[in-house]
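Chemist: This is the structure I have questions about; it appears just below.
The values are calculated or read from the model by the stated rules, or taken from the named source; none is laboratory data. Treat the numbers as computed from the prediction; the structure is a model and nothing was measured. As a convention, Cβ positions derive from the backbone with ideal geometry for all residues, glycine included, and neighbour counts pool all protein chains shown.
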2 protein chains.
Amino acid sequence: MSVKTYTVEGMTCGHCVSSVKEEVGEIPGVTGVEVDLGSGRLEVSGDVTDDAVREAVKEAGYTLV
Amino acid sequence: MSVKTYTVEGMTCGHCVSSVKEEVGEIPGVTGVEVDLGSGRLEVSGDVTDDAVREAVKEAGYTLV
């Protein structure tokens, strides 16, 4: 288990933050998700691959930088 | 019954548009709602007061110009 940090591009409001949190939170093995709208910072706690996070962010409609 | 046009300030993405559509659509007497994200244009069909529209837009988290 670890905390991984990413940067998400394209979020413009709180709804966008919620969408990312929801999709990333549904990845098996994820135990926590924090998102900062201003910086695009995404912190994912748990046991998860970068590919899974990238896919979930894409599913929400955004892109990992 | 009529179509009234307003301008909404603060919408940044499709989620924002959905929020405004939902809140305004719940006003008694409203029969149709169209929102354009780019211009902020809000068209409300039905029998409704400006105050009710203003309140619904505020409830969604935005402001009528």
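Chemist: Condition test on B:A52, is it within 20 Å of A:H15 (Cα to Cα), of a type outside the set (D, E, K, R), surrounded by 14 or more Cβ atoms within 10 Å (Cβ to Cβ) and modelled with pLDDT of 95 or more?
Modeler: Numbers: within 20 Å of A:H15 (Cα to Cα): no; of a type outside the set (D, E, K, R): yes; surrounded by 14 or more Cβ atoms within 10 Å (Cβ to Cβ): yes; modelled with pLDDT of 95 or more: yes.
So B:A52 does not fit the description; no.
Chemist: Is it the case that B:V33 is within 10 Å of the chain's Cα centre (by Cα) and closer than 26 Å to A:Y62 by Cβ? Write out each step before concluding.
Modeler: Numbers: within 10 Å of the chain's Cα centre (by Cα): yes; closer than 26 Å to A:Y62 by Cβ: no.
So B:V33 fails the test.
Chemist: Going through the range B:37-48 one residue at a time, which ones are under 11 Å from B:V24 (Cα atoms) and loosely packed, with under 15 Cβ neighbours inside 10 Å?
Modeler: Listed by number, the list holds a single entry, B:E43.
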